[in-house]
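Worksheet: the structure to be examined is printed underneath.
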Amino acid sequence: MTVRHRHTGAVHTGGGHTGAGHTGAGHTSRAPRAASAGRGLLIAAAVGFLLLFLVLPLCTVFVEALRKGVGAGAAALVEPDTVSAILLTLLTAAICVPVNMAFGIVAAWAIAKHEFRGKSMLVTLIDLPFSVSPVVAGLSYMLVVGAQGWIGPWLMAHDLKIAFAVPGIVLVTTFVTLPLVARELIPLMEAQGSEEEEAAIVLGARGWQAFWHVTLPNVRWGLLYGVILCNARAMGEFGAVSVISGHIRGLTNTIPLQVEILYNEYQIQAGFAVASLLAVLALVTLAVKTVVQWRHTHALARQDDAGAAPAAGWDGPRAPVVRAATGA
């Protein structure tokens, strides 16, 4: 259809515009379908990857552990060497987790709330265990506390055993798990700022009171999340412990080392039974971590909804607690 303008005499052809409009609509309608198909392929690939590399091996562990029946699997777990490995693993985690929790809280509070010389260096040192192989970490400790190490002869002269003993296992496990709590708390404390602590100081609270009644409750979910990760890594650590433990049956074998020994001795069912115990601990840790992460997300959402109150005339959510603690 051709239209001539009455005043200018310009000629407009409508057919071309109509075709272009239909062509654009066709492209527009096909674009969502293509995006949906691509998204479906990506989801399918991710699910398939998880099934192949995570779910299938995990199911294999439990199937092999119960291949000869529940009784045989339970019998493997009550062997003296296995019981000793379980107790040593729990002891190591019971020592490492509180130490790293205390260090993580102090380090995160210092880094997030204060400015000082060497702050960047401290952050770098905290991240060091992430960049060093656990095997290298275990070897480094052996070069320091081993019989031929820097202080090994002095330790032997004073009858102090670190390498091939429980103290060495605790040391290397503490090193490997060192950043986990601190790295959870540092960004959380930095994001929260220091307004509530300043308000607590204005209301008369001392530094320790502000930390105990304001800072720590605000990061409790992040702290618990870091503790869970630290505990899981402490129980499952293999490389560093393998180097410094000496693989002494009944004395320095943790659960991962006991699994390796049983498998190398062709006690396949017993090895999978012990591995299933470690897998159960990992699943329980994962479930607790998920719940804590969910609670943490909702706590942050509630804080965002409440908003940040100014320091002057502060009446934030922790104000009643701080006032009660300080007598204000």
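The values are calculated or read from the model by the stated rules, or taken from the named source; none is laboratory data. Please read all numbers here as calculations on a predicted model, not as lab measurements. Virtual Cβ from ideal backbone geometry, glycine too; neighbours counted across all protein chains shown. All accessible areas refer to the heavy atoms of the entire protein, side chains included, with ligands and DNA or RNA removed. Shrake-Rupley method; radii C 1.70, N 1.55, O 1.52, S 1.80 Å.
Straight-line reach from Lys289: taking Cα to Cα under 29 Å and skipping same-chain neighbours fewer than 8 places apart, the lysines in range are Lys113. Projected label points at His247 and Leu90, each 7 Å from Cα along the beta carbon direction, are separated by 2.7 nanometres.
For the stretch 55-131, trypsin sites (Lys or Arg not before Pro) meeting the loop criterion (DSSP other than H, G, I, E, B) and having at most 10 other Cβ atoms within 10 Å: Arg117.
Based on protein heavy atoms only, the stretch 146-202 ends up with 52 Å² per residue of surface accessible to a 1.4 Å probe. How large is Rg over Rh for the stretch 107-252, taking Rg from the Cα atoms and Rh as the Kirkwood inverse mean of 1/r across Cα pairs? Here the Rg-to-Rh quotient is 1.10.
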